[in-house]
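The values are calculated or read from the model by the stated rules, or taken from the named source; none is laboratory data. Quick caveat: nothing in here was measured; it's all calculated off a predicted structure. When we count neighbours, we look across all protein chains shown, and the Cβ atoms used for this are built from the backbone with ideal geometry, even at glycine. The accessibility values were calculated without ligands, DNA or RNA, using every heavy atom of the protein model including side chains. Shrake-Rupley method; radii C 1.70, N 1.55, O 1.52, S 1.80 Å.
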Amino acid sequence: MIKPVYVYGSPVLRKVSTEITSDYPNLKELIESMFETMDGSEGVGLAAPQIGLSIRLFVIDTALFGEDHPEVKGFKKVFINPKIIERSEVQNIYNEGCLSIPSLREDVERPESVTIKYFDENFVEHEEFYDGIIARVIQHEYDHLEGILFTDRVSPIRRQLLKSKLNAIVKGKFNVSYKVKIA
Ligand code: CO
């Protein structure tokens, strides 16, 4: 079931999410809903707080990157109770966007690679290393679980310039083709 995406200004996007256990109610359906919601809004990642749930869960599907990043074709994963246990010192810059912050993109600097521990949808634990575009998406989604948005990670000057745009989003002044929930 496609869920509305909570947009900038919603308090749930600013909460630190809590871990879940394997008996979390209707987990399979929830994960399915998250993929559907993401696909319906042309996203490459979606974190549970973005559909109003303050739990440590995000999904990634890089299908949309298709031609730009053929190396990540078919990457589709569920990350439950993730922990980034290592970040590279080397950083890079990428122009990010977010379904919760419609029509706004900014260059964001982040570590180039990460090692992450997480549980999959069957609650099997994994520890994996990622770099490139996957590491980028992982860190963006992981931030959502900490109540952090990509606009928090731009320079203070850029952030100042973004203020009016963000205020417009809070007031619902934007156009998107997917269902949203405004605070
Ligand atoms: Co986002």
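Things to note:
- Filter result for GLU71 (surrounded by fewer than 17 Cβ atoms within 10 Å (Cβ to Cβ), outside any strand (DSSP E or B) and touching a residue at least 60 places away in the same chain (Cβ under 8 Å)): yes
- Members of the stretch 1-21 found to be open to solvent by less than 40 Å² (accessible area, probe 1.4 Å) and of a type in the set (A, V, I, L, M, F, W, C), listed by number: VAL5, VAL7, VAL12, LEU13, ILE20
- Residue among LEU46, LEU30, LEU53 that is modelled with pLDDT of 95 or more, open to solvent by 50 Å² or more (accessible area, probe 1.4 Å) and hydrophobic (A, V, I, L, M, F, W, C): LEU53
- Which listed residue, of SER103, SER113, SER88, is touching a helix residue (DSSP H, G or I) at 6+ places or on another chain (Cβ under 9 Å), of a type in the set (Ser, Thr, Tyr) and open to solvent by 70 Å² or more (accessible area, probe 1.4 Å): SER103
- THR21 passes every criterion in (1) out of contact with any helix residue (DSSP H, G or I) (no Cβ under 9 Å at 6 or more places or on another chain); (2) of a type in the set (Ser, Thr, Tyr); (3) more than 22 Å from GLU128 (Cα to Cα) apart from (3).
- One residue stands out among those in the stretch 149-177 that are crowded, with 16+ Cβ neighbours inside 10 Å and not in a helix (DSSP H, G or I): the one that is nearest to the ligand (Cβ to nearest atom), which is LEU149.
- Subset of the stretch 24-45 (residues that are of a type in the set (S, T, N, Q) and touching a helix residue (DSSP H, G or I) at 6+ places or on another chain (Cβ under 7 Å)): THR37
- Meets criteria (among the small types (Gly, Ala, Ser), out of contact with any Leu (no Cβ under 9 Å at 6 or more places or on another chain) and more than 18 Å from ASN81 (Cα to Cα)) for SER10: yes
- Complete set of residues in the stretch 124-148 that are open to solvent by 70 Å² or more (accessible area, probe 1.4 Å) and not hydrophobic (A, V, I, L, M, F, W, C): GLU125, GLU127, ASP131
- Flag if GLY52 is within 15 Å of the ligand (Cβ to nearest atom), within 23 Å of ASN26 (Cα to Cα) and within 16 Å of the chain's Cα centre (by Cα): yes
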